[in-house]
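K.L.:
There's a structure below that I have some questions on.
The values are calculated or read from the model by the stated rules, or taken from the named source; none is laboratory data. For clarity, every value in this text was computed on a predicted model and none was experimentally measured. Cβ placement follows ideal geometry from the backbone for every residue including glycine, while neighbour counts extend to all protein chains displayed.
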Amino acid sequence: MAVWKWTAYLITPLMMSIALQAQAAEKTLRISSWASPNHGINTTVWPTWGKWVEEATEGRVNVKVEYNMGPPPAQADIVTDGIGDVTWFFHGFKPGRFELTKLPEIPTFDNTLSSEDMSVAYWRTYDKYLKKGREHRGLEVLAVGVHGPGVIITREPVTTFEDLKGKKMRMAGDVMSTIGKRMGVAPVAMPPTKVYEALSQGVVDGAFFTLETLKSFRLNEIAPNVVTFPGGLYRGSFSILMNPDTLDSLSDEDRAAILSVSGEKLSRLFGKMMDDADKAGLEDTLAQNGNVNAASPDMIEQAKTFSEGLQEDWLKTAKKKRISDPQAALDFYQSQVRELGAE
């Protein structure tokens with residue numbers, strides 16, 4: 001074979017490789033995700049946000065989801081330490097540090113509020129007021145959001161709060177635990193990924209959780225009894241976090257591009273995902289003949305008494321956290337929720 005032909009055979013793959021490298025992203029953001037691959041955060045939020053990032057940066061930045069980088073409570077530290085670049089974090093995993101984030105967790109007993117609307121209202125309130133408390137120091141907050149209405153999930157049917165007296169119930173976060181203790185249950189702190197095993201082995205009798213976990217964490221296989229409340233017994237507060245050094249390492253253009261597809265836009269996406277996941281969890285449980293019941297009027301009135309004082313406690317804490325006008329922050333959040341819900 002002629003020399004030029006051999007040269008052609010060698011050059012062609014080389015040129016193709018160079019061309020592919022030129023098209024490859026300059027930076028890949030490693031996303032640490034602790035839920036299973038079938039969870040909405042992994043099937044909806046990360047792929048959608050990743051597409052937004054690639055489009056906004058014209059392909060210079062992309063994302064890669066990595067699993068098992070650490071347990072759920074360690075996610076904020078994973079990003080702070082630069083082990084991962086981005087993650088999602090439940091604030092209840094670090095009681096004492098995150099106090100201002102309890103605001104959207106306080107029950108409203110309003111069945112008209114979606115997680116999408118509440119997440120947008122939460123972002124606007126965080127951006128205007130709560131970030132001044134610097135609870136996320138050492139982290140870049142890309143978005144905040146809430147999960148759906150908190151429900152009671154148990155192995156055995158529950159018709160009154162008396163049925164829960166002394167029962168061991170999985171909980172996470174101060175608002176959830178405070179309400180649980182007032183009910184007379186025995187709170188057991190536990191990350192979501194451990195609940196299925198704990199329920200199946202009888203370590204706990206039930207869990208304060210959301211409808212979406214019935215499917216995404218397969219809880220309806222072992223605890224098919226659910227009691228719902230208007231607006232939920234509580235909500236859960238989350239943030240989507242990024243390592244600030246990683247963000248600063250990007251060009252001004254790409255940094256601005258990523259922030260442009262985060263904030264309110266990403267918060268809305270997170271909330272919408274939670275709404276859709278709750279619907280899927282409920283449908284899956286009913287399809288398996290699960291026992292899903294609305295709380296009785298008596299239980300609802302009792303639940304309201306369990307949440308008394310939570311708002312006042314938050315106002316006092318916010319003052320200590322150097323929020324100059326906590327009442328203005330609370331009023332702003334509630335007004336945003338009402339306005340969004342009315343649209």
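K.L.:
Could you give me the residue pairs with C-beta distances under 6 Å whose first residue belongs to the stretch 78-97 and is within 20 Å of residue 313 (Cα to Cα), whose second residue is of a type in the set (Ser, Thr, Tyr) and surrounded by 16 or more Cβ atoms within 10 Å (Cβ to Cβ) wherever it lies, and which are 6+ apart or on separate chains?
P.N.:
Short answer, once both residue conditions are applied: 91/101; 91/237.
K.L.:
Within the stretch 111-135, restricting attention to residues that are outside any helix (DSSP H, G or I) and touching a helix residue (DSSP H, G or I) at 6+ places or on another chain (Cβ under 8 Å), which residue is surrounded by the most Cβ atoms within 10 Å (Cβ to Cβ)?
P.N.:
113
K.L.:
Next question, about the same structure. Kindly provide the set of residues from the stretch 214-238 that are among the hydroxyl-bearing types (Ser, Thr, Tyr) and closer than 19 Å to residue 144 by Cβ, ordered by number.
P.N.:
234, 237
K.L.:
Within the stretch 80-109, which residues are touching a helix residue (DSSP H, G or I) at 6+ places or on another chain (Cβ under 9 Å), in a loop (DSSP other than H, G, I, E, B) and closer than 24 Å to residue 245 by Cβ?
P.N.:
Hits for the stretch 80-109 are 82, 83, 84, 85, 94, 97, 98.
K.L.:
Among what's in the stretch 254-271 and is over 19 Å from residue 126 (Cα atoms) and in contact (Cβ under 8 Å) with a residue 24 or more places away in the chain, pick the residue that is surrounded by the most Cβ atoms within 10 Å (Cβ to Cβ).
P.N.:
Ranking the candidates gives 257 first.
K.L.:
Please verify whether residue 213 is assigned to a loop (DSSP other than H, G, I, E, B), modelled with pLDDT of 95 or more and of a type in the set (Ser, Thr, Tyr), treating the condition exactly as stated.
P.N.:
Judged against the criteria, residue 213 is not a match.
K.L.:
When you scan the stretch 284-317, how many residues do you find that are among the acidic types (Asp, Glu) and in contact (Cβ under 8 Å) with a residue 12 or more places away in the chain?
P.N.:
Applying the first criterion (among the acidic types (Asp, Glu)) to the stretch 284-317 yields 284, 298, 301, 308, 312-313.
Checking which are in contact (Cβ under 8 Å) with a residue 12 or more places away in the chain leaves us with 284, 298.
Residues that pass the stated criteria total 2.
K.L.:
Has the stretch 27-34 got at least one residue that is of a type in the set (D, E, K, R), touching a Leu at 6+ places or on another chain (Cβ under 9 Å), modelled with pLDDT of 90 or more and not in a helix (DSSP H, G or I)?
P.N.:
yes
K.L.:
For the stretch 47-57, give me each residue that is buried (at least 21 other Cβ atoms within 10 Å of the Cβ) and under 30 Å from residue 196 (Cβ atoms).
P.N.:
Filtering the stretch 47-57 for residues buried (at least 21 other Cβ atoms within 10 Å of the Cβ) gives 49, 53, 57.
49, the sole residue that qualifies.
K.L.:
Quick check: is even one residue across the stretch 319-327 buried (at least 19 other Cβ atoms within 10 Å of the Cβ) and without any contact (Cβ under 8 Å) to a residue 60 or more places away in the chain?
P.N.:
Yes: the stretch 319-327 contains one or more residues that are buried (at least 19 other Cβ atoms within 10 Å of the Cβ) and without any contact (Cβ under 8 Å) to a residue 60 or more places away in the chain.
K.L.:
So which of 175, 158, 144 ends up being β-branched (Val, Ile, Thr), in contact with a helix residue (DSSP H, G or I) (Cβ under 7 Å, 6 or more places away or on another chain) and more than 24 Å from residue 294 (Cβ to Cβ)?
P.N.:
144
K.L.:
Also, I was wondering about something else. Condition test on residue 198, is it in a helix (DSSP H, G or I), touching a His at 6+ places or on another chain (Cβ under 9 Å) and farther than 23 Å from residue 134 by Cα?
P.N.:
So residue 198 fails the test.
K.L.:
Name the pairs whose Cβ atoms lie under 7 Å apart, with the first residue in the stretch 126-145 and on the phi > 0 side of the Ramachandran plot, the second at pLDDT below 95, and 6 or more positions between them or separate chains?
P.N.:
none
K.L.:
Moving on. Filter the stretch 216-230 for residues that are outside any loop (DSSP other than H, G, I, E, B) and modelled with pLDDT of 95 or more and give the result.
P.N.:
Matches in the stretch 216-230: 219, 220, 221, 225, 226, 227, 228.
K.L.:
Sticking with this one: Taking residue 101 as the residue in question, decide whether it is closer than 24 Å to residue 179 by Cα, among the polar types (S, T, N, Q) and buried (at least 16 other Cβ atoms within 10 Å of the Cβ).
P.N.:
Answer is yes for this residue.
K.L.:
Would a scan of the stretch 242-265 turn up a residue that is part of a helix (DSSP H, G or I), of a type in the set (Ser, Thr, Tyr) and within 17 Å of the chain's Cα centre (by Cα)?
P.N.:
For the stretch 242-265, residues part of a helix (DSSP H, G or I), of a type in the set (Ser, Thr, Tyr) and within 17 Å of the chain's Cα centre (by Cα): absent.
K.L.:
Looking at residue 124, is it modelled with pLDDT under 95 and farther than 18 Å from residue 229 by Cα?
P.N.:
no
K.L.:
Still on this model: How about the stretch 61-94: which of its residues are of a type in the set (S, T, N, Q), farther than 23 Å from residue 254 by Cβ and either at pLDDT 95 or above or crowded, with 23+ Cβ neighbours inside 10 Å (or both)?
P.N.:
Matches in the stretch 61-94: 75 only.
K.L.:
Checking the conditions here, which among 301, 283 is within 24 Å of the chain's Cα centre (by Cα), modelled with pLDDT of 95 or more and loosely packed, with under 15 Cβ neighbours inside 10 Å?
P.N.:
Exactly one of 301, 283 is within 24 Å of the chain's Cα centre (by Cα), modelled with pLDDT of 95 or more and loosely packed, with under 15 Cβ neighbours inside 10 Å, namely 283.
K.L.:
Also: When the residues of the stretch 147-190 are narrowed to those that are more than 15 Å from residue 307 (Cα to Cα) and among the charged types (D, E, K, R), which ends up surrounded by the most Cβ atoms within 10 Å (Cβ to Cβ)?
P.N.:
Of everything passing the filter in the stretch 147-190, 170 is surrounded by the most Cβ atoms within 10 Å (Cβ to Cβ).
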